[in-house]
Amino acid sequence: MTLPDNYNPAYSTLKSTERTLSKDKQWSDTYQQQMEDMVERNVARKLTREDINNWKGPVFYISHLAVVNTKSHSTPVRIVFNYSQVFQGVSLNSYLAKGPDSYMNNLLGIVLRWREEQEAVVGDIKKMFNSVLLKPLEQHCHRFLWRDLDSTRDPDVYVIQRVNMGDKPAPAIST
């Protein structure tokens, strides 16, 4: 089975997202800043025309939407990539294996291991999923469209370069 060409549905979703963001200046500014932050942190990168033309492998576009968070003043909207959006009967998540749950959901196991030794260490990795790199093949199956809220021009094509929230195997890969 091969991935279908889902550029048009991704483009339609981009236009819908832009309409949502146009309703509020703070929403659009926040969304734009989040996109820029993804590029600065190397989570995403814009493809050149040459990158697009030279790629001969599979391609799939991930739609993104603005999810409104009315309880937050600093981040009234956030970017959510929809890995489960179905086109011609498939989504990217339908092609990906979830991976093992490992020990993450076994609370009893965590408590027992916590008490095994005299000392314990706790840590928190900021934006943990974004710490794991995707290979070029995976990046091109994680393309998305963005045009800096300028609806007068064609969108640029970006790739997600790191594991992202919503990707079915993200928790297992990050662990």
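The values are calculated or read from the model by the stated rules, or taken from the named source; none is laboratory data. All of these numbers come straight from a predicted model, not from anything done at the bench. Note: ideal-geometry Cβ built from the backbone for every residue, glycine included; neighbour counts use all protein chains shown. Keep in mind that these areas ignore ligands, DNA and RNA; they rest on the heavy atoms of the full protein, side chains included. Shrake-Rupley method; radii C 1.70, N 1.55, O 1.52, S 1.80 Å.
See the values below:
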| quantity | calculated |
| --- | --- |
| Amide H contacts of N6 (H built 1.01 Å from N, under 5 Å, at least 5 apart or other chain) | Y61 |
| Cβ-based net charge around E18, under 11 Å, with every Lys or Arg adding one and every Asp or Glu removing one | +2 |
| Residue-level accessible surface for V39, protein heavy atoms, 1.4 Å, Å² | 60 |
| Accessible area in the full protein assembly, largest first, 1.4 Å probe, for H142, H73 | H73, H142 |
| Karplus (6.51, -1.76, 1.60) ³J(HN,Hα), θ = phi - 60°, over the stretch 2-9, in Hz, Gly and Pro reported as x | 10, 6, x, 6, 10, 4, 4, x |
| Surface accessible to a 1.4 Å probe, R113 within the full protein complex, Å² | 110 |
| Under the Karplus curve 6.51 cos²θ - 1.76 cosθ + 1.60, θ = phi - 60°, whole-Hz ³J(HN,Hα) for the stretch 143-151, x wherever Gly or Pro sits | 7, 8, 10, 7, 9, 6, 6, 9, 6 |
| Placed amide H near A44: partners under 5 Å, 5+ positions off or other chain | V39, Q161 |
| Per-residue ³J(HN,Hα) for the stretch 58-68, Karplus 6.51 cos²θ - 1.76 cosθ + 1.60, θ = phi - 60°, Hz, x for Gly and Pro | x, 9, 8, 9, 9, 6, 10, 9, 8, 9, 7 |
| Radius 11 Å from Cβ of Y61, net charge of other residues (Lys, Arg +1; Asp, Glu -1) | 0 |
| Cut-off under 5 Å, modelled amide H: who pairs with F144 long-range | I62, Y158, V159, I160 |
